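Asker: Please see the structure below; I have some questions.
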Amino acid sequence: MNDRLLLLRGTMPGIGMAVAEACSHRERLRRICSILSEIPGYDWVGFYTVDRPGGNRLVLGPFSGAPTEHVSIEFGRGICGRAAETMQTIMVGDVGAESNYLSCSPDVRSEIVVPVFFGCEFVGELDIDSHRPDGFSPDDRRFLEWVAEIAAPSVAGLVRGDDGG
Ligand code: SME
């Protein structure tokens, strides 16, 4: 197993514990962001949620990293909006080559956006920016799709407006 995969797997118990904590949905997601932000190359980590059940706009939820102006994104706009429209993971190795891209910082070189589903319902996204070109491998993608799956009940809770633990 390569070092990167070992490192990603090493964070899984902590993330599992974070989702099992008796705290609010927002706090669980905040803890997941904080754990992920320790991974080298994960330079901005955040969740977006749909604005309301069946909505067509993403709103910024818990995140770790520099504040972003992109706190509300229509489906279709930028990489986040495209992932929402297609409901597919999008990995961009060179954000400079993208025409439909919303820049948060000139330091960002690559990005991955993973949709979050609660059952069959699209409820939000996990978005990660990297200062490294081609910062995300297929192992990162599989790992982050796992994170999105276990974070889904909390993301869905925020969409419902139920921030209970
Ligand atoms: N770059 C994203 C916008 C969100 S920020 O990365 C936090 C996009 O193009 O949708």
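Asker: For region 71-165, what mean projected area does the convex hull of the alpha carbons give, in nm²?
Answerer: Values: hull surface 25.8 nm².
Over all viewing directions, region 71-165 projects a mean Cα-hull area of 6.4 nm².
Asker: To continue, here is another question. Rounded to the nearest percent, how much of the accessible area of the chain (1.4 Å probe, protein heavy atoms only) is carbon and sulfur?
Answerer: 51
Asker: Let me ask another. Let me cross-check Ile90: its accessible surface, 1.4 Å probe, with only protein heavy atoms counted, in Å² to the nearest 10?
Answerer: Roll a 1.4 Å probe over it and Ile90 shows about 30 Å².
Asker: With bins 5 Å wide starting at 0, give me the P(r) of region 1-70 over every alpha carbon pair, in whole percents.
Answerer: Bin by bin from 0 Å, the calculated values are 3, 15, 20, 21, 18, 13, 6, 2, 0.
Asker: In percent, how large is the relative contact order of region 109-165, given Cα pairs closer than 8 Å and 6 or more residues apart?
Answerer: 38
Asker: After finding the eigenvalues of the alpha carbon gyration tensor for the chain, what semi-axes result from the square roots of 5 times each, listed largest first in whole Å? List each step's numbers first, then the result.
Answerer: Numbers: eigenvalues 95, 83, 36 Å².
Three semi-axes, in Å: 22, 20, 13.
Asker: Let me ask something else about it. Quick check: net charge around Asp129, other residues with Cβ under 9 Å of its Cβ, Lys/Arg +1 and Asp/Glu -1?
Answerer: Around Asp129, the charge tally is -3.
Asker: Contact order normalised by length for the chain, with contacts defined as Cα pairs under 8 Å and 6 or more residues apart; what percent is it?
Answerer: For the chain, the relative contact order is 25 percent.
Asker: Here is a further query. Please report the net charge: other residues with Cβ closer than 14 Å to the Cβ of Gly16, K and R +1, D and E -1.
Answerer: Working: positive: Arg9, Arg28, Arg31; negative: Glu21, Glu149.
Around Gly16, the surrounding residues sum to +1.
Asker: I would also like to ask the following. Can you give the local net charge around Ser105? Use residues other than it whose beta-carbon is closer than 14 angstrom to its beta-carbon, Lys and Arg +1, Asp and Glu -1.
Answerer: Working: positive: Arg109, Arg132; negative: Asp43, Glu69, Asp107, Glu111, Asp127, Asp129.
Net charge in that neighbourhood comes out at -4.
Asker: Each label point is 7 Å from the Cα along the Cα-to-Cβ direction; what then is the distance between the points at Ser99 and Arg26, in nm?
Answerer: Simple spin-label model gives 3.9 nm for this pair.
Asker: Quick check: convex hull over the Cα atoms of region 43-124, volume per residue in Å³, rounded to an integer?
Answerer: Once divided by residue count, the hull of region 43-124 is 87 Å³.
Asker: Assuming R0 = 22 Å, what is the FRET efficiency of Leu6 and Gln88, from their Cβ-Cβ distance, to the nearest 0.05?
Answerer: 0.20
The values are calculated or read from the model by the stated rules, or taken from the named source; none is laboratory data. Everything numeric in this text was worked out from a predicted model, so none of it was measured. Note: ideal-geometry Cβ built from the backbone for every residue, glycine included; neighbour counts use all protein chains shown. All accessible areas refer to the heavy atoms of the entire protein, side chains included, with ligands and DNA or RNA removed. Shrake-Rupley method; radii C 1.70, N 1.55, O 1.52, S 1.80 Å.
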